[in-house]
Amino acid sequence: MSVVGHAPPPFFKRGPAPLARLVFFVTVCLVLLVTDLRFHTLEWARVVVATVVWPLQRAAYAPVEAAGGLGQYLSSLATLQGENADLRRRQLATANQLLRQDHLEQENQRLRALLDMKARQPAEGRVAEVLYAARDPFARRVVIDKGTQDGIAAGQAVIDDVGVVGQVTRVFPLMSEVTLLTDKDQAIPVQVQRSGLRAVLAGAGAGSLELKFLAANAEVEPGDILVTSGLDGVYLPGLPVARVVRIDRDQSFSFARIHCAPLAGVERHGHVLVLGGRIAPPAPEEAREPGEKAGKGRRIKRK
Amino acid sequence: MQPTHSSRRILLPVKSWFIALSLASALLLNLVPLGRLPGVPDWVALSLAFWCVHQPLKVGMGAAFFLGLIMDVALGTLMGQHALAYVLLAFAAAGWSRRILWFPLAQQALHVLPMLLAMQLVMLATRMLAGGEFPGVLWFLSSFSAAALWYPATYVLLLPQFQPVERDENRPI
């Protein structure tokens with residue numbers, strides 16, 4: 001049909017075949033997935049795109065915020081009065097402890113000095129507001145309104161007025177993501193307050209937690225309070241974390257299944273306190289090899 | 001171009017800026033933080049499927065890939081999770097577009113539903129392999145609500161292309 005030397009006009013040019021394009025894009029996606037999952041090297045790209053998308057996100061959040069504000073405005077006087085009375089009662093109940101806190105702290109310091117122990121690290125914190133739960137159905141994360149601009153860094157612990165909520169896992173300039181304790185990938189070293197037994201508490205999804213790798217005859221009872229052990233160098237020791245709810249001691253397994261419920265309002269929203277990064281205590285002198293650098297062998301565990 | 005291949009209405013040509021605007025507003029709707037509310041449709045998937053069915057030459061896997069990446073960053077999910085699902089959705093929708101457009105709108109929605117469900121299954125498989133938690137069966141409701149929205153979405157997204165029906169008594173064809 002075509003005259004020699006004249007190609008037909010490109011009416012039907014549509015680029016590569018759909019299947020070829022599909023293979024290309026699927027390959028790129030798989031590479032991205034593996035890179036993000038195994039090597040965690042895509043955080044910089046995330047920060048760049050997230051900074052660009054941030055205004056869009058705020059715009060999308062505005063109607064939800066407005067609806068929340070309206071709901072709060074319309075919440076009845078009775079609710080507020082009840083809440084007020086409750087708060088006053090709680091304040092009175094804790095007043096005794098609060099008033100004696102200074103005295104106790106000083107006494108503690110003196111006793112510790114006597115015992116020649118290291119002073120407990122003072123905790124400094126930054127109040128942040130939980131904006132919303134991340135819309136990822138496969139994980140338990142919330143977004144708070146402070147980011148690197150306010151000195152938040154990944155790895156910091158997040159608590160509320162009752163106990164530990166989670167850990168900052170991703171930081172953007174103006175907001176950050178907090179992985180809740182109930183997330184399946186989140187673990188926290190704890191000890192049983194009653195017996196001092198140390199263990200690792202991991203999220204089990206669906207708002208519950210599980211105490212892992214404890215022998216079937218371990219000394220744990222339903223109702224026990226778990227507090228942070230502070231062994232990881234991330235969480236300060238002694239923060240309340242969870243309460244043991246149910247224990248399945250099946251002799252056919254070597255470990256007991258210990259179900260716990262978080263103490264803090266992990267799945268609720270409100271204000272939280274982001275604790276400042278904790279500096280791990282230096283290794284003792286005698287443990288160091290002669291000639292070894294001071295910083296070596298010391299590591300800050302994340303998660 | 002007609003709304004469906006069996007329709008006798010002729011549509012005006014589509015405007016590229018309107019496609020971009022509709023996809024951007026779908027993205028904005030997806031960013032509204034509704035938490036774990038079940039049954040909220042994935043607006044981006046719906047509008048992407050719509051344009052891949054109606055304009056397979058203009059919107060395809062490239063657009064799906066970039067929208068997916070933005071979704072991944074904005075929702076904080078695994079990088080490539082939405083991108084992979086959207087690319088597969090765009091491929092299926094473009095491949096089926098000639099078939100789908102012969103059906104009336106309700107049956108078109110029945111064609112779109114399995115595609116959206118397959119997209120969610122791809123996301124589920126990706127995240128389960130990565131060690132996420134199972135989000136519950138109610139999570140699949142969002143595909144059903146998106147498919148139910150196919151009927152209104154068709155009229156909203158084709159609105160700028162409709163032209164007034166001109167009847168000429170002398171030429172009744």
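The values are calculated or read from the model by the stated rules, or taken from the named source; none is laboratory data. Bear in mind the structure is a predicted one, so any value in this text is a computation, not a measurement. Here the Cβ positions follow ideal geometry from the backbone for every residue, glycine too, while neighbour counts run over all protein chains shown.
A few notes on this one:
- Some residue of region B:89-100 being in contact with a Phe, Trp or Tyr (Cβ under 7 Å, 6 or more places away or on another chain), part of a helix (DSSP H, G or I) and among the β-branched types (Val, Ile, Thr): no
- Subset of region B:41-59 (residues that are touching a Gly at 6+ places or on another chain (Cβ under 9 Å) and farther than 13 Å from B:ALA26 by Cα): B:CYS52, B:PRO56
- Subset of region A:232-251 that is among the hydrophobic types (A, V, I, L, M, F, W, C) and modelled with pLDDT under 85 - its residue that is farthest from A:GLY196 (Cα to Cα): A:VAL234
Condition check ((1) in contact with a helix residue (DSSP H, G or I) (Cβ under 6 Å, 6 or more places away or on another chain); (2) buried (at least 16 other Cβ atoms within 10 Å of the Cβ); (3) part of a strand (DSSP E or B); (4) within 14 Å of chain B (Cβ to nearest Cβ)) across all residues:
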residue	(1), (2), (3), (4)
A:VAL130	no, yes, yes, yes
A:ALA139	no, yes, no, yes
A:GLN149	no, no, no, no
A:GLU177	no, yes, yes, yes
A:LYS184	no, yes, no, yes
A:SER195	no, no, no, no
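- Apart from one condition, B:PRO41 fits all of (1) facing chain A (nearest Cβ under 7 Å); (2) out of contact with any Asp or Glu (no Cβ under 7 Å at 6 or more places or on another chain); (3) assigned to a loop (DSSP other than H, G, I, E, B); (4) not polar (S, T, N, Q); the exception is (1).
- The single residue among B:ALA49, B:ALA74 that is at pLDDT below 90, in a helix (DSSP H, G or I) and either among the aliphatic types (A, V, I, L, M) or crowded, with 18+ Cβ neighbours inside 10 Å (or both) turns out to be B:ALA74.
- Test for A:LEU56: is it free of Cβ contacts under 8 Å to residues at least 60 places away in the same chain and closer than 21 Å to B:LEU31 by Cα: yes
- Residue in region B:148-170 that is surrounded by 21 or more Cβ atoms within 10 Å (Cβ to Cβ) and more than 14 Å from chain A (Cβ to nearest Cβ) present: yes
- Checking B:LEU124, B:LEU113 one by one, the residue that is closer than 25 Å to A:VAL31 by Cβ and either touching a residue at least 12 places away in the same chain (Cβ under 8 Å) or in a helix (DSSP H, G or I) (or both) is B:LEU124 and no other.
- Complete set of residues in region B:44-77 that are closer than 18 Å to B:ALA118 by Cβ, aliphatic (A, V, I, L, M) and away from every other protein chain (no Cβ under 11 Å): B:VAL44, B:ALA45, B:LEU46, B:LEU48, B:ALA49, B:VAL53, B:LEU67
- Once region B:24-38 is narrowed to residues that are in a loop (DSSP other than H, G, I, E, B) and within 8 Å of chain A (Cβ to nearest Cβ), the residue that is nearest to the chain's Cα centre (by Cα) is B:VAL32.
- Of all residues in region B:67-92, those that are in contact (Cβ under 8 Å) with a residue 24 or more places away in the chain and farther than 16 Å from B:ALA26 by Cα have Cβ atoms under 7 Å from Cβ atoms of residues that are of a type outside the set (Phe, Trp, Tyr) and outside any helix (DSSP H, G or I), 6 or more apart or on another chain, in B:THR77/A:ASP136; B:LEU78/B:ALA130.
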